[in-house]
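Read through the structure below, which is laid out as structure tokens, and then see the notes.
The values are calculated or read from the model by the stated rules, or taken from the named source; none is laboratory data. Given the structure is predicted, the values throughout are model-derived calculations rather than measurements. Don't worry about glycine lacking a Cβ; one is built from the backbone with ideal geometry, like all the others, and counts go over all protein chains shown. With ligands, DNA and RNA removed, areas are computed over all heavy atoms of the protein, side chains included. Shrake-Rupley method; radii C 1.70, N 1.55, O 1.52, S 1.80 Å.
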Amino acid sequence: MYDLTGFQRDLLYVIAGEEEPHGLAIKEELERYYETEVHHGRLYPNLDTLVEKGLVEKGERDRRTNFYRLTGRGHREIEARREWEAQYLPGLTVE
């Protein structure tokens, strides 16, 4: 995960926290977090990068809507990142 941008890591976390979210749902969640608009030109190329890296799987819900879900590798990368963070933030609990 070290080679991902912060935005790409945030995409992974949002996808992990939802059940097969579609692009617009991911966009809306990030906009709430960032408190600013996330443009399609930023969102979809980064989602495609995560797919190409094997961290996210892209599926088709219908002809107009795709969904995204983490792959096994994506889950392992998030877990490894959390373990790495925990060594620098001892005692920090996430609820």
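A few points about this structure:
- Of all accessible heavy-atom area on the chain, the percent that carbon and sulfur account for (1.4 Å): 46
- For the range 58-86 and the range 13-45, distance of Cα centres in Å: 13
- Spherically averaged projected area of the range 28-80 from its Cα convex hull (nm²): 4.4
- Which of LYS58, LYS27 is most accessible, then next, and so on - probe 1.4 Å: LYS58, LYS27
- Between 0 and 90°, nearest 10: helix 6-17 axis offset from the chain longest Cα axis: 80
- The residues of the chain expose on average 70 square angstrom of accessible surface per residue, using a 1.4 Å probe on protein heavy atoms.
- Using alpha-carbon coordinates, inclination of helix 40-52 to the longest axis of the chain, degrees: 70
- Helix 72-88 axis, angle to the chain major axis (alpha carbon atoms, nearest 10°): 30
- If R0 is 30 Å, the Cβ-Cβ spacing of MET1 and GLU60 corresponds to a FRET efficiency of close to 0.70.
- Per-selection Kirkwood Rh - the chain (Cα, Å, 1 d.p.): 14.0
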